[in-house]
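Notes follow once the structure below has been shown.
The values are calculated or read from the model by the stated rules, or taken from the named source; none is laboratory data. All figures in this text were calculated on a predicted structure; none of them were measured in a lab. To get the accessible areas, we keep the full protein, side chains included, count just its heavy atoms, and leave off ligands, DNA and RNA. Shrake-Rupley method; radii C 1.70, N 1.55, O 1.52, S 1.80 Å.
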Amino acid sequence: MSPRKAVTNELTQSMVMDAARELFRKKGYQQVSMRQIATELGYSHGAIYYHFKNKAELFYAMIETDFKELDQWLDNVMMQDLDNRTKLKQVLLEFIRFGLTHKSQYEMMFLLSDEEVKSYVNKGPNESYEKFAKAIMELSNQSISIQHAWSIFLSLHGFVSHYCRCDADYDEVKGLAESHVNFILTSLG
């Protein structure tokens, strides 16, 4: 057994999440182990278990961070001094922009289907969706149901999911995104 190498920096949760995110993006969640993450960082796998009890908990921490970032994007739009219709359009466009600017994060947040992580990942998505639905309802000129808000979310999600599989970034599909958002807005009167 080789001696443990001395490390110059204390391992942080953020360092672990950054390395894991990159490995999950490259290899897929199922193909990455805690040992591989530790190797990538140059630490023992025990050092990672100090921060996260297993890979699913690590994944959950990453996803919660991502949903907080998405929520911040929404909060930033909601704080702008715009009329409701313009703000509503901006909310919808920002959701698309977030997804296409952070493709690997978006895929892990919304598209990963894994039994191991399902039990961990539900708080962030539910809170984010509730915030999104509340903003849509607040900004709409008409009374809309939770089902209508859900349909709007699914329409945006479909757009983002489609373009996540392409090499195109947000700037390349911005015109299509605006057309899609304008189409959604017609359902809101």
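Summary table
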{"read-out": "Residue order for Asp83, Asp171 - accessible surface, 1.4 angstrom probe, largest first", "value": "Asp171, Asp83"}
{"read-out": "Accessible surface, 1.4 Å probe, highest first, among residues Arg85, Arg21", "value": "Arg85, Arg21"}
{"read-out": "Residue-averaged 222 nm ellipticity for the chain, from DSSP H runs of 4+ at -39500 (n - 2.57), nearest 500", "value": "-22500 deg cm²/dmol"}
{"read-out": "Accessible area expressed per residue, the chain, with surrounding protein chains retained (probe 1.4 Å, Å²)", "value": "56 Å²"}
{"read-out": "Solvent accessible area, Å² - Ile146, 1.4 Å probe, full protein context", "value": "90 Å²"}
{"read-out": "Long-range Cα-Cα pairs in the chain (distance over 31 Å), rounded percent", "value": "28 percent"}
{"read-out": "Highest-fluctuation residue, Leu70, Leu111, Leu93 considered, GNM on the chain with Cα pairs under 10 Å", "value": "Leu111"}
